[in-house]
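Please treat every number below as a calculation from the coordinates, not as lab data. Because the structure is a prediction, the values reported are computed rather than measured. Using ideal geometry, Cβ is built from the backbone for each residue, glycine included, and neighbour counts are taken over all protein chains shown.
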Amino acid sequence: DWKMDSFVETSIQALRERIGNGKVLCALSGGVDSSVAAVLLSKAVGKQLTCVFVDHGLLRKNEGDEVEEVFGPDGSYDLNFIRVNAQQRFYEKLAGAVEPEDKRKIIGEEFIRVFEEEAKKIGKVDFLVQGTIYPDVIESGLGKSAVIKSHHNVGGLPDYVDFKEIVEPLRLLFKDEVRAAGRELGIPEKLISRQPFPGPGLAIRIIGEVTEEKVRMLQDADAIYREEIAAADLEEKPDQYFAALTNMRSVGVMGDERTYDYAIALRAVTTTDFMTAEFAELPWALIGKVSSRIVNEVKHVNRVLYDCTGKPPATIEFE
Ligand code: XMP
């Protein structure tokens, strides 16, 4: 792709000139935008860049390790990588919180606190990287969605880090252009073609209180669902799909024992802009297979439901 080829070349050159021998800090989430931004910076200024990856314990199964494999010391990029294992801190803060907005707020604030602590250890930085892309620029201009849900984005870092300037290397790109740039930069396809994942992570896919045990259950169920969708011969994959843990327990039977366990909901939607969405019509055989694997492999789940609601009136996430 000659256009992306030249975007990458030009950006690296421009970043080098702008940054000189300055110190650069980047909050890496493992999502497409922050990953592409980080790699661009790494190509431009190498070890002058430090990436801080906060593992809040609300990521998908193995995701923290996958991010570390790509960006960590055994990965393929020239940069300083710091993984903060803040899982227990987040679980403790979340204990007892049941309201969606409370949970989002707790996670947003704790994230800032953790990041701030790391930034302090690094000391004065000259540039703070943000993975802002063009649709974010438009959206924040119109100020939408904030009213419906307080969006916590790992990118949104205002004044609590001591830095001089913001660098937003993807500011003019649409999502598919960011992906193309990522491919040009040799970032693994697994990372590039990732579906959107919300900042508050699995916390907004667990209805009600979040506990470490519930996170484990959901991670396992969700991994099974994603694995089966990847293996299925679908003409088109849904634009977003994931498992959610409802707060509902119901009676079931296993062997000759009565159970009283949780229900997992499967969500899959097709959408162009995520503002509205239709539920995806997955084949019953696929849903059946996912369901029987989940109830067999995930302890304390005895029921699987399929969410056949569009947006509106439902949202894509559960909280
Ligand atoms: P909803 O649930 O509002 O989701 O229909 C629309 C899209 O936005 C994502 N989403 C978020 N992304 N931080 C994010 O970075 C958030 O707090 C957040 N809430 C929802 C959601 O995954 C979907 O793609």
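Here the average projected area of the convex hull drawn through the C-alpha atoms of region 163-319 stands at 12.3 nm².
The ellipsoid equivalent to the alpha-carbon distribution of the chain has semi-axes of 36, 22, 18 angstrom, derived from the gyration tensor eigenvalues as √(5λ) and listed largest first. On a straight-distance basis, which aspartates and glutamates could pair with Lys299 in a cross-link, Cα separation under 13 angstrom, same-chain partners fewer than 8 positions away excluded? Straight-line reach from Lys299, under 13 Å: Glu213, Asp220, Asp261.
Helix 175-184 and the longest principal axis of the Cα set of the chain meet at an angle near 70°. Electrostatic tally near Ser29: other residues with Cβ closer than 11 Å to its Cβ, Lys and Arg +1, Asp and Glu -1, net -2. Shown here for region 276-311: GluC sites (Glu not before Pro) in loop regions (DSSP other than H, G, I, E, B) with at most 12 other Cβ atoms within 10 Å, namely Glu281.
The distance separating the Cα centre of region 250-294 from that of region 1-68 comes to 36 Å. About the Cα centre of region 2-192, what is the dipole size in debye to 20, counting +1 per Lys and Arg Cβ and -1 per Asp and Glu Cβ, all else neutral? It comes to approximately 160 debye.
Too long at a 21 Å Cα-Cα cut-off: which of Lys237/Lys289; Lys93/Lys121; Lys47/Lys120? Exceeds cut-off: Lys93/Lys121.
The angle separating the long axis of helix 212-231 from the principal Cα axis of greatest extent in the chain is about 90 degrees. For region 235-240, 3J(HN,Hα) computed residue by residue from phi via the Karplus equation (6.51, -1.76, 1.60; θ = phi - 60°) reads 4, 9, 6, x, 6, 8 Hz, glycine and proline entered as x. On a per residue basis, the convex hull of the C-alpha atoms belonging to region 1-130 measures out at 126 Å³.
Beta bridges assigned by DSSP with both partners in the chain are antiparallel in approximately 40 percent of cases. Among DSSP bridges having both ends in region 206-306, what percentage is antiparallel? Round to the nearest 5. That works out to approximately 70 percent antiparallel. Projecting the Cα positions of Ala86, Ile12, Phe279 onto the charge dipole of the chain (unit charges on Cβ atoms of Lys, Arg, Asp and Glu, taken about the Cα centre) puts Ala86 furthest along the positive direction.
From its DSSP helices (H runs of at least four residues, each -39,500 (n - 2.57)), the chain gives a residue-normalised ellipticity at 222 nm of -13000 deg cm²/dmol.
Rounded to the nearest 20 Debye, what is the dipole magnitude of region 206-306 about its Cα centre when Lys and Arg each give +1 and Asp and Glu each give -1 at the C-beta?
Details: 11 positive and 18 negative charges, 75 e Å.
Dipole size: approximately 360 debye.
Relative to the Cα centre, the charge distribution of the chain, modelled as +1 at Lys and Arg Cβ and -1 at Asp and Glu Cβ, gives a dipole magnitude of about 460 debye.
Taking Cα atoms only, the orientation of helix 284-297 departs from the longest principal axis of the chain by about 90 degrees.
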